[in-house]
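K.L.:
If you scroll down you'll find the structure; I have some questions about it.
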There are 2 protein chains.
Amino acid sequence: MNVPLTPLRCIRYAEEQFPQNTAVVCGDQRFTYKQFADRAARLGGALRALGVEPGDRVAFLSTNCHRLLEAYFGVLEASAVLLPLNVRLAAAELAYILNDSKARILFFERQFLPLVEALRLAVPTVRSFILLDAPPQTNWMESQNYDGFLADAHPLRRDVMKVDENSLAELFYTSGTSANPKGVMLTHRNIYLHALDSAFGLQISQEPVELHTIPLFHANGWGKAHTITLAGGTHVMIHQFIPSEVLQLIERERVEGCCLVPTMAIALVNWPDRHKYNLSSLRRVMIGGAASNPVLVREVERELGCQCISGYGLTETSPVLTVSTVKAGIEADEAERQARQSMAGYAIPGVEIRVVDEDGNDVPADGESVGEVVARGDVVMEGYWRQPAESERVMRGGWFHTGDLAVMDTDCYIVIVDRAKDIIVSGGENVSSLEVEKVITTHPGVYEVAVIAVPHDKWGEVPKACVVLKPGQTVTEIELIDLCRSCLARYKCPHYVEFLDILPKTGTGKILKRELRKTREREHQPTRTA
Amino acid sequence: MNVPLTPLRCIRYAEEQFPQNTAVVCGDQRFTYKQFADRAARLGGALRALGVEPGDRVAFLSTNCHRLLEAYFGVLEASAVLLPLNVRLAAAELAYILNDSKARILFFERQFLPLVEALRLAVPTVRSFILLDAPPQTNWMESQNYDGFLADAHPLRRDVMKVDENSLAELFYTSGTSANPKGVMLTHRNIYLHALDSAFGLQISQEPVELHTIPLFHANGWGKAHTITLAGGTHVMIHQFIPSEVLQLIERERVEGCCLVPTMAIALVNWPDRHKYNLSSLRRVMIGGAASNPVLVREVERELGCQCISGYGLTETSPVLTVSTVKAGIEADEAERQARQSMAGYAIPGVEIRVVDEDGNDVPADGESVGEVVARGDVVMEGYWRQPAESERVMRGGWFHTGDLAVMDTDCYIVIVDRAKDIIVSGGENVSSLEVEKVITTHPGVYEVAVIAVPHDKWGEVPKACVVLKPGQTVTEIELIDLCRSCLARYKCPHYVEFLDILPKTGTGKILKRELRKTREREHQPTRTA
């Protein structure tokens, strides 16, 4: 018997088995799985009543909120495709995505009304604009907001036996740290198997309590929307990452796990009042989205009192590919364990990872040879939306080419050394910006750092460190350069250190090196220093 | 990207990620995953060299042994279908299965040579007979045994990308407690998804140590052959269930989990020397294959010092359908918890369970209304081998009809009340033999019991209890009947108690009620007693 693989089975299962469990905590609101599933079904019915047809794209411009989580299932109940939008994008970028995807409906939070006003005439395929969180404010919108929309609807539960598991379920535009956003097509099968694969790989317990620190518009919410639902667990939502609110919610809801990008983890472990909160429920923090490092793992374990591991993945892979838990056969003291837990880790079940050279041959698994990470597995996307040539290019040879450079060791753990485009080529030598950042991060005065390439007339490019210091700290340029020289080959050391108040970031907290490079390319006149 | 779902991915993953982990412990032999996967690949190559073609059935007549575990993967490397045979069957029964399946090769242990001698001329499709564990003894066999066969072979690793996930991987004949054996067809997809579903549902940890108490020729080895492999864990094999050896192995190998049928659990908790062994590594024992009961759960938890849960499934469902862990929302004291853990439990992820009346409508989930268990999910077989009418009958309405009668409570836990054919109909009232057995089991002198129907001229049928006492115990017929009368409605109480030294069982330890009924039907003259 073949039962189609679809994320709708996650919510069916939770509603059947755990109807009275708390499904969602969002501000002052709490919903059981019975209520949550009913709301998702009503969203499905409402979309159908609005004329949404199978395969239509339904866009959401929303911070992390129960409504966006409902959309993860409700849009699929209507046989439509969920298109979550990054709330940090500008109107022109959003318009590009809405037009590229030919989205039919746009749900949005009131705070984004000015954005939507600015783009609405530029997105002719969008027929309905619906406010998520307040009554309509302008006369060009539907007369209802989301809650009214649901209240009037008939619940629609799609027959899972009739789902085509290879049909499109979600369309996620990549965060665009490197190029124009591309629509990543994730199928029902991708997402359901990701839930099962990552549940096993990340050892998700039954009925866990998870804090959604990672925006659900980013990389499929790291799959947690589905995994936690399948486990009958509680989703604790935060609209915005404010350390004091995060710590308060962990205490109040007895949160057991969360995912963090490094900048979030850095913010939490440096938050002055962190010890005032009872964080004893926390079992595990997972760091991903950008490279972790041993110092950060140690600080999270010490300051938050829980295990800290890392993982690696991409929007194109649903997203989780690897996890850095320590295999039983590996003997490691505490420092070695934390160092290993800061790696990207090894492939979860259902996923194969290789590190290959330009000809597609495996580089030696010696922890030193650099190659590109390629992946194969249940979680790999169907392709890019209406970009067959680009899809074929990244899928060449039957493996998805991530564009990330890494080394693999004999235990099959990978360490990402750089995005292919962030690598610094200095005098013919490759310099991993991440390797230099890891050294600078060990300085106690440093809050965060990004190392980028700047032009140089002799070496072509040289590294430059953009550094944010912790409050009240004084650190000099020469001090950080000396620190690097004590640990790294000379050619890897930054030629310049610039101190900034803040680093430019994507909506999901990734540092925008592209931005840093762009503005600094002009400033740096070629010179012969060092 | 669609990567075919096949159990071969379990061994590929383990070989890649855990090459040096101990995969198998079998007597004095130990194999790492590198060795285990190499042997499986050699088996694949050897079969191909022997002329085995894709889809051919390859039969194994073997107790639990590393070779049978290798066959779980090696036969699939050759694109063939694994057919494990129950070693307790008679020659005529085995011949029936070999002919029905048109098996091409029969591997067998030396101890079964007389059986094979007796059937070999009756199974014309079998072209090769290969000894598993010793050099050939007779002149009609191939000149090699299994190990020689492997040593000479070229490893063959099937390209998983070319597997048809809906093709047949295993053919298991049902144990035949009720009718002629039928060949249950399990596909690659069934088995791989069962590994993932049950890993999550049973909360399998990374790299666990599992004792294979359940024969691998029974109900797909309860799926553990695949689940434990995917987790990179250690398979500890026992050829035969001898309590002292089981306890010794748990101590020596630091076993963390095992599955037991109730008769095995009863034997372990009553074994006089059980306290001489260090069983502290045991985390969880799972009881299945026949109904558990609260007394047994309590005794296992007390005597073996680990959690004891139950599960339910059938050969037709790969096999696990349910598990009886206690949901977080259920408040229970210790006795209630143990009672709940003795239930069949609730559906694992990937599975839907309903309890229905004869028209296919759900009976009330009130813990009292009896109906037939029907199931839908990834784990449900493709159908019965060459029995389209019977396949269609059990799959009617898109749900697999188990033939088991159960009640479901408001928390979606089911309790099996009887096989449809084991129910006793006395004076128009249905009597669950399991319910009566549970009462008799509470008597401290009782080792095990089977309640069956015997003919009665007034009531049609009445219950009779066939009881085995613990060594040195004296219990009278009237004492047990009085015990039942103190707990049960009068019509449910046995009219007769027969004391036996042993109960007839299948090769897998299930009590053969059919046998008990057959011999007693003649003995019991209709009478007007009671």
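K.L.:
Which shape class, rounded, prolate or oblate, goes with the protein assembly as shown when its Cα gyration tensor gives a ≥ b ≥ c as root eigenvalues, a/c under 1.5 marks rounded, and past that a/b bigger than b/c marks prolate?
P.N.:
Since a/c reaches 1.5 and a/b is larger than b/c, the shape of the protein assembly as shown is classed as prolate.
K.L.:
7 Å along Cα→Cβ for the label point: how many nanometres lie between B:D28 and each equivalent label in the other copies, listed shortest first?
P.N.:
Between copies, matching label points for B:D28 lie 7.5 nm apart.
K.L.:
Right, here's the next one. Of all chymotrypsin sites (Phe, Trp or Tyr not before Pro) in region A:334-421, which ones are in loop regions per DSSP and have a Cβ with at most 15 other Cβ atoms within 10 Å?
P.N.:
In loop regions of region A:334-421 (DSSP not H, G, I, E or B), there are no sparsely surrounded chymotrypsin sites (Phe, Trp or Tyr not before Pro).
K.L.:
I'd like to compare A:74-80, A:516-522, B:434-440: which one has the highest average count of other Cβ atoms within 10 Å, and what's the full order after that?
P.N.:
By packing density, highest mean first, the sequence is A:74-80, B:434-440, A:516-522.
K.L.:
Order these peptides, B:108-119, B:223-234, by their mean beta-carbon neighbour count within 10 angstrom, highest first.
P.N.:
B:223-234, B:108-119
K.L.:
Separate question: Please compute the contact order of region A:241-421 in relative form: average sequence separation of alpha-carbon pairs under 8 Å and at least six residues apart, divided by the residue count, as a percent.
P.N.:
16 percent
K.L.:
Relative contact order for chain A using alpha-carbon pairs under 8 Å, separation at least 6, rounded to a whole percent?
P.N.:
11 percent
K.L.:
Just for the Cα atoms in region B:422-523, what are the lengths along the principal axes, largest first, rounded to whole Å?
P.N.:
38, 33, 22
K.L.:
How about region A:284-347: which GluC sites (Glu not before Pro) there are in a DSSP loop, with at most 15 other Cβ atoms within 10 Å of their Cβ?
P.N.:
The qualifying sites are A:E331.
K.L.:
Using a label point 7 Å beyond Cα on the Cα-Cβ vector, give me the inter-copy distances for A:N2 in nanometres, one decimal, shortest first.
P.N.:
Output for A:N2: 0.6 nm, nearest copy listed first.
K.L.:
How far, in degrees from 0 to 90, does helix A:294-304 lean away from the longest principal axis of the Cα atoms of chain A, to the nearest 10?
P.N.:
50 degrees
K.L.:
Among A:I511, A:T474, A:V446, pick out the residue whose Cα is farthest towards the positive end of the charge dipole of region A:422-523, where Lys and Arg carry +1 and Asp and Glu carry -1 on C-beta, about the Cα centre.
P.N.:
A:I511
K.L.:
Might you report the magnitude of the Cβ-based charge dipole of region A:1-240 about its Cα centre, with Lys and Arg at +1 and Asp and Glu at -1, to the nearest 20 debye?
P.N.:
220 debye
K.L.:
What average count of beta carbons from other chains do you get within 10 Å of the Cβ of residues in B:367-379?
P.N.:
Partner Cβ neighbours, averaged per residue: 1.
K.L.:
For helix B:8-17, what angle does its Cα long axis make with the longest principal axis of chain B, in degrees from 0 to 90 and rounded to 10?
P.N.:
Approximately 70 degrees, to the nearest ten.
K.L.:
If you don't mind, there's one more thing I want to ask. Determine the principal axes of the Cα atoms in region A:1-95, then give the extent along each, sorted from largest to smallest and rounded to whole angstroms.
P.N.:
Computed over the Cα atoms, the extents are 44, 38, 24 Å.
K.L.:
I need the inter-copy label distances for A:E336: point set 7 Å along Cα to C-beta, values in nm with one decimal, smallest first.
P.N.:
4.9
K.L.:
Same structure, new question: Nearest 20 debye, what's the magnitude of the dipole of region A:422-523 about its Cα centre given +1 on Lys and Arg Cβ and -1 on Asp and Glu Cβ?
P.N.:
Rounded to the nearest 20 debye, it is 220 debye.
K.L.:
Roughly how many debye, to the nearest 20, is the charge dipole of the protein assembly as shown about its Cα centre, given +1 on each Lys and Arg Cβ, -1 on each Asp and Glu Cβ, and no other charges?
P.N.:
620 debye
K.L.:
After finding the eigenvalues of the alpha carbon gyration tensor for region A:22-170, what semi-axes result from the square roots of 5 times each, listed largest first in whole Å?
P.N.:
Ellipsoid half-lengths, sorted descending, are 23, 19, 14 Å.
K.L.:
Now for a different question. Given an 8 Å cut-off on Cα distances and at least 6 residues of separation, report the relative contact order of region B:281-382 as a percent.
P.N.:
25 percent
K.L.:
Net charge around A:F112, counting only other residues with Cβ within less than 14 Å of its Cβ (Lys, Arg = +1; Asp, Glu = -1)?
P.N.:
In short, 0.
K.L.:
Figure the gain on full extension for B:N166 and B:E521 (residue separation times 0.36 nm, minus the Cα-Cα span) and round it to one decimal in nm.
P.N.:
Working it through step by step, the gained length comes to 123.3 nm.
K.L.:
Report, in deg cm²/dmol and to the nearest 500, the calculated mean residue ellipticity at 222 nm for chain B, where each DSSP H run with n ≥ 4 adds -39500 (n - 2.57) and the sum is divided by the residue count.
P.N.:
Per the formula, -9000 deg cm²/dmol.
K.L.:
Using a 10 Å cut-off around each Cβ of peptide B:200-207, what is the average number of partner chain Cβ atoms that fall inside?
P.N.:
5
K.L.:
Chain B: which residue's Cβ hugs the B-to-A rotation axis most tightly, distance rounded to whole Å?
P.N.:
B:L196, 2
K.L.:
If you don't mind, there's one more thing I want to ask. Estimate the FRET efficiency between B:C487 and B:D359 by the formula 1/(1 + (r/R0)^6), using the beta-carbon distance for r and 30 Å for R0, to the nearest 0.05.
P.N.:
0.35
K.L.:
Nearest 10 degrees, 0 to 90: what angle lies between the long axis of helix B:188-201 and the longest principal axis of chain B (Cα atoms)?
P.N.:
50 degrees
K.L.:
Restricting to chain B, compute how many DSSP beta bridges are antiparallel as a %, nearest 5.
P.N.:
Antiparallel: roughly 55 percent of the beta bridges in chain B.
K.L.:
For peptide B:187-195, what's the mean number of Cβ atoms from other chains within 10 Å of each residue's Cβ?
P.N.:
2
K.L.:
Report the label-to-label distance for B:E334 and B:R30 in nanometres (one decimal), using points 7 Å from each Cα along the Cα→Cβ vector.
P.N.:
3.7 nm
K.L.:
Still on this structure, I have one more. Under the rule that a partner needs its Cβ under 4.7 Å from the first Cβ, which Cys of chain A have none?
P.N.:
Cys with no partner Cβ under 4.7 Å: A:C10, A:C26, A:C65, A:C258, A:C259, A:C306, A:C308, A:C412, A:C466, A:C487.
K.L.:
Take the Cα atoms of region A:325-451, build their convex hull, and give its volume per residue in Å³.
P.N.:
In region A:325-451, the Cα hull volume divided by residue count equals 149 Å³.
A short reminder: the numbers here are calculations on the coordinates, not readings from a lab. Keep in mind the model is a prediction, meaning the values are calculated, not measured. Reconstructed Cβ throughout: ideal geometry from the backbone, glycine too, with neighbour counts over all protein chains shown.
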